[in-house]
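One structure below.
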Amino acid sequence: MFSEDVRPAESCASISPETPGSRARKAKEIIAASGVDTEEYFNEVVRQVPGITFREQAAIWLDQIRNRKRKPLAPSTLATWTYALDKWINANVGDLPLDSVNNAAMKKVVAKMAEGGLSPKSIANYTQIVKMVVASALNEQGEELHPRKWNSEFIDAPVVNVQRQRRPSFTGEVVTGILANTQEKKYRVLFALFAATGLRFGEALGIDIKNVSPDGSTVQIVEKAWGSAVQGFLKTHDSVREVDLHPSMAAMLLDFIGKRKSGLLFASRRGKPLHQSSVLRRKLHPVLAKLGQPKCGVHAFRRFRNTYLRNYTSAPPGLIKFWMGHAGEDMSDLYDKIKCDLAFRKEAAEKAGLGFDIPSKSVQVWHENCSLGPNGPKWTETPSAQSAACA
């Protein structure tokens, strides 16, 4: 007699034996139900198993931004970002898996940069690079593989005090002193042009003579120089402009151009663009030291010009923005067509003045006929010419 929990023999006949095919079908059903065979699972889980490192993704990111068609990156910016990666970022998180670079990892990077003496502004700029590299890892739909909600409080990133940032600027007296103490004519004209126009460094070094008007009163800014090359693009769309010169600056420029008809306005002996570092290290900084002024870059000329135009002249705000290459802030700026009125622009440039003094001919001749030696100035002309030059 069977117990109640024992099935009749005939019921066992209805159970079919498990075959390899049935096992495979059952496995597929389990996998499909779990979702692990979907594209989403692959992108979110499987792809991350090997773990690309931050350093590897940074290299991919640099290559992408170097070759992209949308908003091409200036080589100077690319060089700065590459330096930051090599010097500060990869040294601290470069070998971490990309998906492990989070707020905790960023906090360590910030601490290292702070210990290294970087300014709050530099730290803010360099941490932004970390964020861009992490965000650059995308799936086939262009979505971030590692979205982050960055927490500045947790990271303990120093606050950038805009008011305390170092933004050196010259006064008119300092500009006059720089010009009077710059011996070589090329650099004296270059520094005067900086102060008279507010051009950015690369913009001035990229000026071709053909972009200077016949009377020297207007300069077209359409390209810039960096390193040993001229680049056919500027920092922003608004940087493409015309800058009008005061008549005294125009005369100085024409005298410097002489009979030249083409080529760079400021060029090396081989006709190549001047190197920014050489202009600063060999020309501007020694003059600033002689004047007892702190070392700074040529952007101090640009700040001088902007300050002078805004506070000591009656030039219209729209014209100032046009000359400086600054973007408009509202629809009124967009509708402002003052840039199309060349006659008014020239009149405004003459009325505004320079805010500094261009050295007299006698001072310029003195410098051009004297050279500095280890024991002071040395004359390069005959004694009779010396006395005439210094009269």
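The values are calculated or read from the model by the stated rules, or taken from the named source; none is laboratory data. From a predicted model like this one, the values you see are computed outputs, not experimental measurements. Neighbour counts are summed over all protein chains in view; Cβ atoms, including those assigned to glycine, are modelled from backbone coordinates with ideal geometry.
Let me spell it out: the conditions are (1) in a helix (DSSP H, G or I); (2) over 26 Å from the mean Cα position of the chain (by Cα), and residue 131 meets all of them except one. Which number is the exception?
All conditions pass for residue 131, except number (2).
Looking at residue 63, is it in the same structural domain as residue 156 (by TED's automatic domain parsing), surrounded by 13 or more Cβ atoms within 10 Å (Cβ to Cβ) and of a type in the set (Asp, Glu)?
Against the criterion (in the same structural domain as residue 156 (by TED's automatic domain parsing), surrounded by 13 or more Cβ atoms within 10 Å (Cβ to Cβ) and of a type in the set (Asp, Glu)), residue 63 does not qualify.
Do you know which residues across the stretch 292-304 are exposed (fewer than 15 other Cβ atoms within 10 Å of the Cβ), in contact (Cβ under 8 Å) with a residue 24 or more places away in the chain and either within 15 Å of residue 173 (Cα to Cα) or more than 22 Å from the chain's Cα centre (by Cα) (or both)?
Correct list: 294 only.
Residues of the stretch 135-161 being touching a residue at least 24 places away in the same chain (Cβ under 8 Å) and within 10 Å of residue 106 (Cβ to Cβ), which ones?
The answer is 148, 150, 151, 154, 155, 156, 157.
If you go through the stretch 65-106, how many residues are under 22 Å from residue 147 (Cβ atoms) and in contact (Cβ under 8 Å) with a residue 60 or more places away in the chain?
0
Going by the structure shown, is residue 313 farther than 18 Å from residue 190 by Cβ and touching a Lys or Arg at 6+ places or on another chain (Cβ under 8 Å)?
Yes; evaluated as a whole, the condition is true for this residue.
From 277, 228, 248, grab the single residue that is in the same structural domain as residue 337 (by TED's automatic domain parsing), without any contact (Cβ under 8 Å) to a residue 24 or more places away in the chain and small (Gly, Ala, Ser).
From the options 277, 228, 248, the qualifying one is 277.
How many residues are of a type in the set (D, E, K, R) and surrounded by 19 or more Cβ atoms within 10 Å (Cβ to Cβ) if we restrict to the stretch 264-283?
Adding up the residues that qualify gives 1.
Can you give me the number of residues within the stretch 151-208 that are in contact with a Cys (Cβ under 9 Å, 6 or more places away or on another chain) and surrounded by fewer than 23 Cβ atoms within 10 Å (Cβ to Cβ)?
Result for the stretch 151-208: 4.
Determine the pairs where a residue that is under 14 Å from residue 280 (Cα atoms), located within the stretch 180-204, has a partner that is among the polar types (S, T, N, Q) with Cβ atoms under 7 Å apart, the partner being 6 or more residues away or on another chain.
Close Cβ pairs satisfying both conditions: 188/182; 191/182; 201/276.
What about residue 137, is it crowded, with 17+ Cβ neighbours inside 10 Å, within 24 Å of the chain's Cα centre (by Cα) and outside the structural domain of residue 323 (by TED's automatic domain parsing)?
Yes: the conditions hold for residue 137.
Do we find a residue being at pLDDT below 80, closer than 30 Å to residue 233 by Cα and either of a type in the set (A, V, I, L, M) or part of a helix (DSSP H, G or I) (or both) anywhere in the stretch 23-46?
The answer is no; no qualifying residue exists.
Any residue in the stretch 328-342 that is farther than 22 Å from residue 218 by Cβ sitting within a Cβ distance under 9 Å of a residue that is in a helix (DSSP H, G or I) and charged (D, E, K, R)? List the pairs, counting only those 6 or more apart or interchain.
Listed by first residue and then by second, the contacts come to 329/321.
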